[in-house]
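Notes follow the structure.
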Amino acid sequence: MIDSLAALLGLGAQDPAFWIPLALIVVFFAIVVAGVLLDGFDIGVGCVSLVAPPALRPRMLSLLGPWRDANEFWVFLGVGLFAVAFPYAWPQTLGRLYLPLSLLALGTMLRSVCFEWRLRAPVEHQGRWQFGFGAGAVLVAFSHGYILARVAVAYQPGGGNTGFAVLMGGCAVAVYSLLGASWLMMREAGELRVRAVGWARRTLRWGAVGAVGVSVVLDFSNAGVFLKWGDGSHWLAVGLVWSTLLACFVLTEMTLQRMISQSYRASALPYALVLVIVLIVLGGLAYSFFPYLVLDEITLWDAAAPVATLRLALSAVVIALPVALIFNLWVYWRMLGRSRPPSPPDFRP
(Lines give C-alpha, C1' and ligand atoms only; values in the text may rest on other atoms or scores of the structure.)
Protein backbone atom coordinates (compact mmCIF):
# COMPACT_ATOMS: atom_id res chain seq x y z
CA MET A 1 0.00 0.00 0.00
CA ILE A 2 2.79 2.43 0.91
CA ASP A 3 4.67 1.67 -2.30
CA SER A 4 1.53 2.20 -4.38
CA LEU A 5 0.81 5.50 -2.68
CA ALA A 6 4.37 6.69 -3.23
CA ALA A 7 4.17 5.69 -6.90
CA LEU A 8 0.96 7.71 -7.33
CA LEU A 9 2.83 10.73 -6.03
CA GLY A 10 5.76 10.08 -8.35
CA LEU A 11 8.07 9.40 -5.41
CA GLY A 12 9.85 6.42 -3.95
CA ALA A 13 8.97 4.96 -0.60
CA GLN A 14 12.51 5.78 0.60
CA ASP A 15 12.35 9.37 -0.63
CA PRO A 16 12.47 11.83 2.31
CA ALA A 17 9.84 13.96 0.58
CA PHE A 18 7.48 10.98 0.99
CA TRP A 19 8.26 9.29 4.29
CA ILE A 20 9.11 12.31 6.48
CA PRO A 21 5.65 13.94 6.07
CA LEU A 22 4.13 10.51 6.69
CA ALA A 23 6.16 10.05 9.87
CA LEU A 24 5.29 13.55 11.10
CA ILE A 25 1.57 13.12 10.51
CA VAL A 26 1.71 9.90 12.55
CA VAL A 27 3.38 11.84 15.37
CA PHE A 28 0.79 14.61 15.03
CA PHE A 29 -2.06 12.09 15.27
CA ALA A 30 -0.45 10.57 18.37
CA ILE A 31 -0.29 14.05 19.93
CA VAL A 32 -3.97 14.64 19.11
CA VAL A 33 -4.93 11.32 20.71
CA ALA A 34 -2.82 12.05 23.78
CA GLY A 35 -4.30 15.53 24.06
CA VAL A 36 -7.90 14.28 23.81
CA LEU A 37 -7.40 11.44 26.29
CA LEU A 38 -5.10 13.09 28.83
CA ASP A 39 -6.35 16.66 28.65
CA GLY A 40 -9.86 15.28 28.09
CA PHE A 41 -10.57 14.39 31.71
CA ASP A 42 -9.30 17.85 32.71
CA ILE A 43 -11.73 19.51 30.28
CA GLY A 44 -14.52 17.15 31.36
CA VAL A 45 -14.09 17.89 35.06
CA GLY A 46 -14.25 21.59 34.24
CA CYS A 47 -17.50 21.09 32.29
CA VAL A 48 -19.29 19.13 35.01
CA SER A 49 -18.02 21.50 37.70
CA LEU A 50 -20.55 24.04 36.43
CA VAL A 51 -23.42 21.79 37.55
CA ALA A 52 -21.75 20.45 40.70
CA PRO A 53 -22.74 21.70 44.15
CA PRO A 54 -20.49 24.59 45.21
CA ALA A 55 -19.19 22.56 48.15
CA LEU A 56 -17.75 19.90 45.81
CA ARG A 57 -16.09 22.20 43.26
CA PRO A 58 -12.88 22.92 45.24
CA ARG A 59 -12.23 19.21 45.64
CA MET A 60 -12.87 18.56 41.95
CA LEU A 61 -10.38 21.19 40.87
CA SER A 62 -7.82 20.17 43.48
CA LEU A 63 -7.79 16.67 41.96
CA LEU A 64 -6.57 18.21 38.69
CA GLY A 65 -3.64 20.04 40.25
CA PRO A 66 -0.87 17.50 39.61
CA TRP A 67 -1.65 17.33 35.87
CA ARG A 68 -2.53 20.88 34.90
CA ASP A 69 0.89 21.83 33.52
CA ALA A 70 1.25 18.52 31.66
CA ASN A 71 -2.24 18.86 30.13
CA GLU A 72 -1.40 22.22 28.57
CA PHE A 73 1.65 20.69 26.92
CA TRP A 74 -0.29 18.79 24.21
CA VAL A 75 -2.07 21.78 22.66
CA PHE A 76 1.09 23.79 22.10
CA LEU A 77 3.08 20.78 20.90
CA GLY A 78 0.40 19.82 18.36
CA VAL A 79 -0.10 23.33 17.00
CA GLY A 80 3.64 23.92 16.77
CA LEU A 81 4.31 20.67 14.91
CA PHE A 82 1.43 21.21 12.48
CA ALA A 83 2.50 24.80 11.76
CA VAL A 84 6.10 23.82 11.06
CA ALA A 85 5.56 20.57 9.17
CA PHE A 86 2.42 21.43 7.16
CA PRO A 87 2.40 25.20 6.61
CA TYR A 88 0.54 25.07 3.28
CA ALA A 89 -2.59 23.70 4.98
CA TRP A 90 -3.01 26.81 7.10
CA PRO A 91 -4.50 29.09 4.39
CA GLN A 92 -7.15 26.45 3.68
CA THR A 93 -8.12 25.98 7.33
CA LEU A 94 -7.60 29.19 9.31
CA GLY A 95 -10.06 31.32 7.38
CA ARG A 96 -12.70 28.57 7.38
CA LEU A 97 -12.30 27.84 11.09
CA TYR A 98 -11.84 31.36 12.39
CA LEU A 99 -14.78 31.23 14.83
CA PRO A 100 -14.10 27.86 16.50
CA LEU A 101 -10.34 28.46 16.64
CA SER A 102 -11.00 31.81 18.34
CA LEU A 103 -13.28 30.06 20.84
CA LEU A 104 -10.58 27.42 21.38
CA ALA A 105 -7.93 30.06 22.09
CA LEU A 106 -10.28 31.96 24.42
CA GLY A 107 -11.27 28.82 26.29
CA THR A 108 -7.67 27.64 26.67
CA MET A 109 -6.60 31.00 28.04
CA LEU A 110 -9.62 31.20 30.36
CA ARG A 111 -8.96 27.73 31.77
CA SER A 112 -5.30 28.43 32.47
CA VAL A 113 -5.78 31.89 33.97
CA CYS A 114 -8.77 31.01 36.14
CA PHE A 115 -7.19 27.84 37.51
CA GLU A 116 -4.04 29.67 38.59
CA TRP A 117 -5.81 32.74 39.94
CA ARG A 118 -8.25 30.59 41.93
CA LEU A 119 -5.30 29.29 43.93
CA ARG A 120 -4.23 32.82 44.82
CA ALA A 121 -7.63 34.48 45.29
CA PRO A 122 -9.29 35.06 48.67
CA VAL A 123 -11.74 32.34 49.69
CA GLU A 124 -14.77 34.55 49.01
CA HIS A 125 -13.62 35.14 45.39
CA GLN A 126 -12.59 31.59 44.49
CA GLY A 127 -16.07 30.70 43.27
CA ARG A 128 -15.77 33.21 40.42
CA TRP A 129 -12.53 31.68 39.20
CA GLN A 130 -13.99 28.18 39.50
CA PHE A 131 -16.86 29.27 37.26
CA GLY A 132 -14.39 30.82 34.80
CA PHE A 133 -12.45 27.57 34.64
CA GLY A 134 -15.65 25.64 33.91
CA ALA A 135 -16.75 28.14 31.26
CA GLY A 136 -13.35 27.89 29.58
CA ALA A 137 -13.60 24.09 29.57
CA VAL A 138 -17.02 24.27 27.89
CA LEU A 139 -15.65 26.64 25.23
CA VAL A 140 -12.73 24.30 24.51
CA ALA A 141 -14.97 21.23 24.28
CA PHE A 142 -17.55 22.99 22.10
CA SER A 143 -14.88 24.32 19.74
CA HIS A 144 -13.45 20.81 19.30
CA GLY A 145 -16.82 19.47 18.21
CA TYR A 146 -17.50 22.47 15.98
CA ILE A 147 -14.12 22.11 14.24
CA LEU A 148 -14.68 18.39 13.71
CA ALA A 149 -18.10 18.99 12.17
CA ARG A 150 -16.84 21.71 9.81
CA VAL A 151 -13.96 19.50 8.70
CA ALA A 152 -16.32 16.53 8.19
CA VAL A 153 -18.53 18.47 5.76
CA ALA A 154 -15.48 19.93 3.98
CA TYR A 155 -16.32 23.46 5.19
CA GLN A 156 -19.49 23.63 3.05
CA PRO A 157 -21.69 26.62 3.91
CA GLY A 158 -25.38 26.47 4.70
CA GLY A 159 -27.73 26.58 7.65
CA GLY A 160 -27.93 22.80 7.86
CA ASN A 161 -24.16 22.44 8.10
CA THR A 162 -24.00 25.19 10.72
CA GLY A 163 -26.71 23.49 12.72
CA PHE A 164 -24.81 20.20 12.49
CA ALA A 165 -21.66 21.94 13.73
CA VAL A 166 -23.53 23.37 16.72
CA LEU A 167 -24.98 19.92 17.48
CA MET A 168 -21.53 18.33 17.32
CA GLY A 169 -20.19 21.07 19.57
CA GLY A 170 -22.81 20.15 22.17
CA CYS A 171 -22.06 16.44 21.75
CA ALA A 172 -18.34 17.16 22.26
CA VAL A 173 -19.19 18.88 25.56
CA ALA A 174 -21.13 15.73 26.49
CA VAL A 175 -18.23 13.42 25.55
CA TYR A 176 -15.70 15.42 27.56
CA SER A 177 -18.15 15.59 30.47
CA LEU A 178 -18.53 11.80 30.26
CA LEU A 179 -14.75 11.40 30.28
CA GLY A 180 -14.37 13.75 33.26
CA ALA A 181 -17.22 12.15 35.21
CA SER A 182 -15.81 8.66 34.59
CA TRP A 183 -12.42 9.81 35.82
CA LEU A 184 -13.96 11.36 38.95
CA MET A 185 -15.85 8.19 39.88
CA MET A 186 -12.59 6.28 39.57
CA ARG A 187 -10.70 8.76 41.74
CA GLU A 188 -13.22 9.63 44.47
CA ALA A 189 -15.83 8.07 46.74
CA GLY A 190 -18.80 9.46 48.62
CA GLU A 191 -21.13 12.13 47.28
CA LEU A 192 -18.81 13.19 44.47
CA ARG A 193 -18.71 9.65 43.11
CA VAL A 194 -22.50 9.30 43.23
CA ARG A 195 -22.99 12.59 41.41
CA ALA A 196 -20.34 11.65 38.85
CA VAL A 197 -22.33 8.51 38.03
CA GLY A 198 -25.38 10.68 37.42
CA TRP A 199 -23.45 13.09 35.18
CA ALA A 200 -22.03 10.19 33.18
CA ARG A 201 -25.47 8.61 32.65
CA ARG A 202 -26.92 11.89 31.39
CA THR A 203 -24.08 12.52 28.93
CA LEU A 204 -23.56 8.99 27.61
CA ARG A 205 -26.41 9.04 25.09
CA TRP A 206 -25.39 12.43 23.73
CA GLY A 207 -21.89 11.04 23.28
CA ALA A 208 -23.38 8.21 21.23
CA VAL A 209 -25.27 10.76 19.12
CA GLY A 210 -22.03 12.58 18.40
CA ALA A 211 -20.07 9.44 17.49
CA VAL A 212 -22.77 8.15 15.13
CA GLY A 213 -23.62 11.58 13.74
CA VAL A 214 -20.12 12.60 12.68
CA SER A 215 -19.48 9.14 11.17
CA VAL A 216 -22.69 9.08 9.13
CA VAL A 217 -22.41 12.68 7.92
CA LEU A 218 -18.76 12.21 6.95
CA ASP A 219 -19.59 9.07 4.96
CA PHE A 220 -22.57 10.52 3.10
CA SER A 221 -21.09 13.97 2.47
CA ASN A 222 -17.96 12.64 0.77
CA ALA A 223 -18.04 9.98 -1.93
CA GLY A 224 -14.40 9.01 -1.43
CA VAL A 225 -14.90 8.31 2.26
CA PHE A 226 -18.10 6.37 1.53
CA LEU A 227 -16.32 4.19 -1.02
CA LYS A 228 -13.38 3.64 1.34
CA TRP A 229 -15.67 2.26 4.06
CA GLY A 230 -18.25 0.71 1.71
CA ASP A 231 -15.82 -1.37 -0.29
CA GLY A 232 -16.88 -5.01 -0.09
CA SER A 233 -13.45 -6.09 1.12
CA HIS A 234 -13.86 -3.97 4.27
CA TRP A 235 -17.24 -5.21 5.47
CA LEU A 236 -15.70 -7.40 8.17
CA ALA A 237 -13.62 -4.51 9.54
CA VAL A 238 -16.60 -2.13 9.39
CA GLY A 239 -18.78 -4.61 11.23
CA LEU A 240 -16.11 -5.16 13.87
CA VAL A 241 -15.66 -1.42 14.44
CA TRP A 242 -19.36 -0.71 14.83
CA SER A 243 -19.95 -3.81 16.95
CA THR A 244 -17.13 -2.85 19.30
CA LEU A 245 -18.41 0.71 19.53
CA LEU A 246 -21.95 -0.45 20.29
CA ALA A 247 -20.70 -2.96 22.86
CA CYS A 248 -18.68 -0.25 24.63
CA PHE A 249 -21.69 2.07 24.87
CA VAL A 250 -23.95 -0.72 26.13
CA LEU A 251 -21.40 -1.95 28.67
CA THR A 252 -20.84 1.59 29.90
CA GLU A 253 -24.57 2.10 30.38
CA MET A 254 -24.93 -1.21 32.23
CA THR A 255 -21.92 -0.49 34.43
CA LEU A 256 -23.18 2.98 35.34
CA GLN A 257 -26.57 1.59 36.31
CA ARG A 258 -24.94 -0.91 38.66
CA MET A 259 -22.35 1.42 40.12
CA ILE A 260 -24.80 3.29 42.33
CA SER A 261 -24.75 0.38 44.79
CA GLN A 262 -21.71 -1.54 43.56
CA SER A 263 -18.34 -1.84 45.25
CA TYR A 264 -15.43 0.43 44.35
CA ARG A 265 -13.57 -2.36 42.59
CA ALA A 266 -15.48 -1.76 39.34
CA SER A 267 -15.17 2.02 39.36
CA ALA A 268 -12.38 2.12 36.73
CA LEU A 269 -14.37 0.21 34.09
CA PRO A 270 -16.44 3.14 32.73
CA TYR A 271 -13.31 5.25 32.30
CA ALA A 272 -11.58 2.44 30.39
CA LEU A 273 -14.64 1.92 28.16
CA VAL A 274 -14.90 5.64 27.38
CA LEU A 275 -11.23 5.68 26.42
CA VAL A 276 -11.86 2.79 24.01
CA ILE A 277 -14.83 4.67 22.49
CA VAL A 278 -12.75 7.79 21.93
CA LEU A 279 -9.89 5.78 20.41
CA ILE A 280 -12.23 4.00 17.99
CA VAL A 281 -13.81 7.27 16.83
CA LEU A 282 -10.45 9.03 16.41
CA GLY A 283 -8.99 6.03 14.58
CA GLY A 284 -11.97 5.88 12.23
CA LEU A 285 -11.68 9.58 11.47
CA ALA A 286 -7.95 9.27 10.77
CA TYR A 287 -8.59 6.37 8.38
CA SER A 288 -11.37 8.32 6.65
CA PHE A 289 -9.23 11.41 6.08
CA PHE A 290 -5.93 9.79 5.10
CA PRO A 291 -4.09 10.93 3.01
CA TYR A 292 -5.89 14.30 3.01
CA LEU A 293 -5.57 17.18 5.43
CA VAL A 294 -8.40 18.99 3.62
CA LEU A 295 -10.72 16.43 2.05
CA ASP A 296 -10.36 16.19 -1.74
CA GLU A 297 -8.22 19.36 -1.79
CA ILE A 298 -4.88 19.05 0.00
CA THR A 299 -2.96 15.89 0.84
CA LEU A 300 -0.41 15.87 3.61
CA TRP A 301 2.36 15.92 0.96
CA ASP A 302 0.82 18.97 -0.74
CA ALA A 303 0.78 20.76 2.61
CA ALA A 304 4.25 19.67 3.71
CA ALA A 305 7.12 22.09 4.13
CA PRO A 306 10.36 21.77 2.11
CA VAL A 307 12.45 18.71 2.88
CA ALA A 308 15.10 20.73 4.71
CA THR A 309 12.45 22.09 7.10
CA LEU A 310 10.94 18.64 7.51
CA ARG A 311 14.34 17.21 8.43
CA LEU A 312 14.75 19.89 11.08
CA ALA A 313 11.25 19.22 12.44
CA LEU A 314 11.88 15.48 12.51
CA SER A 315 15.18 15.99 14.33
CA ALA A 316 13.41 18.10 16.96
CA VAL A 317 10.74 15.40 17.35
CA VAL A 318 13.35 12.67 17.76
CA ILE A 319 15.05 14.69 20.50
CA ALA A 320 11.96 16.06 22.23
CA LEU A 321 9.62 13.08 22.04
CA PRO A 322 11.55 10.74 24.37
CA VAL A 323 11.89 13.58 26.90
CA ALA A 324 8.15 14.30 26.62
CA LEU A 325 7.27 10.62 27.04
CA ILE A 326 9.44 10.26 30.15
CA PHE A 327 8.04 13.47 31.64
CA ASN A 328 4.42 12.50 30.99
CA LEU A 329 4.84 8.94 32.23
CA TRP A 330 6.30 10.37 35.42
CA VAL A 331 3.44 12.87 35.76
CA TYR A 332 0.48 10.70 34.73
CA TRP A 333 1.26 7.38 36.37
CA ARG A 334 -0.78 8.34 39.46
CA MET A 335 -3.87 9.55 37.57
CA LEU A 336 -5.42 6.05 37.78
CA GLY A 337 -7.02 4.57 40.85
CA ARG A 338 -8.41 6.08 44.04
CA SER A 339 -6.95 9.38 45.19
CA ARG A 340 -5.00 9.36 48.41
CA PRO A 341 -4.98 12.24 50.88
CA PRO A 342 -1.54 13.68 51.65
CA SER A 343 0.26 12.29 54.66
CA PRO A 344 0.16 14.53 57.73
CA PRO A 345 3.43 16.33 58.45
CA ASP A 346 5.75 14.86 61.02
CA PHE A 347 6.29 17.37 63.82
CA ARG A 348 8.64 15.24 65.85
CA PRO A 349 11.81 17.10 66.88
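The values are calculated or read from the model by the stated rules, or taken from the named source; none is laboratory data. Worth saying up front: this structure is predicted, and the values here are computed from it rather than measured. Glycine also receives a Cβ, built like all others from the backbone with ideal geometry; neighbour counts cover every protein chain displayed. We work out accessible area using only protein heavy atoms, side chains counted, and drop any ligands, DNA or RNA first. Shrake-Rupley method; radii C 1.70, N 1.55, O 1.52, S 1.80 Å.
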Residue pairs qualifying under the 9 Å Cβ cut-off, at least six apart or on distinct chains, with the first in the range 220-249 being farther than 24 Å from ALA149 by Cα and the second being of a type in the set (Lys, Arg) and part of a helix (DSSP H, G or I), are HIS234/LYS228
Considering only the range 221-300, give the helices (runs of 4 or more DSSP H) lying wholly within it that have at least 1 residues that are open to solvent by 30 Å² or more (accessible area, probe 1.4 Å) and in contact with a Lys or Arg (Cβ under 8 Å, 6 or more places away or on another chain).
235-259, 269-289
Would you check if PHE131 is without any contact (Cβ under 8 Å) to a residue 40 or more places away in the chain and of a type outside the set (Val, Ile, Thr)?
no
If MET168 passes every condition in (1) closer than 20 Å to LEU273 by Cβ; (2) at pLDDT 90 or above but one, which one does it miss?
(1)
Mind telling me which of the residues THR162, THR203 ends up being of a type in the set (Ser, Thr, Tyr), part of a helix (DSSP H, G or I) and without any contact (Cβ under 8 Å) to a residue 24 or more places away in the chain?
THR162
Quick check, is ASP231 in contact with a helix residue (DSSP H, G or I) (Cβ under 7 Å, 6 or more places away or on another chain) and of a type outside the set (Gly, Ala, Ser)?
no
Tally the residues that are more than 18 Å from PHE142 (Cα to Cα), surrounded by fewer than 19 Cβ atoms within 10 Å (Cβ to Cβ) and in contact (Cβ under 8 Å) with a residue 24 or more places away in the chain, restricting the search to the range 79-108.
4
Test: ARG128 is within 24 Å of the chain's Cα centre (by Cα) and of a type in the set (Lys, Arg)
no
Where the second residue is at pLDDT 85 or above and in a helix (DSSP H, G or I) and the first is within 24 Å of GLN92 (Cβ to Cβ) and hydroxyl-bearing (Ser, Thr, Tyr) and lies in the range 300-325, which pairs have Cβ atoms under 7 Å and are six or more apart or on separate chains?
THR309/VAL84
Could you check the range 26-57 and list, in sequence order, the residues that are of a type in the set (A, V, I, L, M, F, W, C) and either more than 16 Å from VAL79 (Cα to Cα) or buried (at least 24 other Cβ atoms within 10 Å of the Cβ) (or both)?
LEU37, LEU38, PHE41, ILE43, VAL45, CYS47, VAL48, LEU50, VAL51, ALA52, ALA55, LEU56
Can you confirm whether GLY190 is free of Cβ contacts under 8 Å to residues at least 60 places away in the same chain and more than 25 Å from VAL36 (Cα to Cα)?
yes
Given (1) within 17 Å of the chain's Cα centre (by Cα); (2) under 17 Å from VAL175 (Cβ atoms); (3) in contact (Cβ under 8 Å) with a residue 60 or more places away in the chain, identify the lone condition not met by VAL27.
(2)
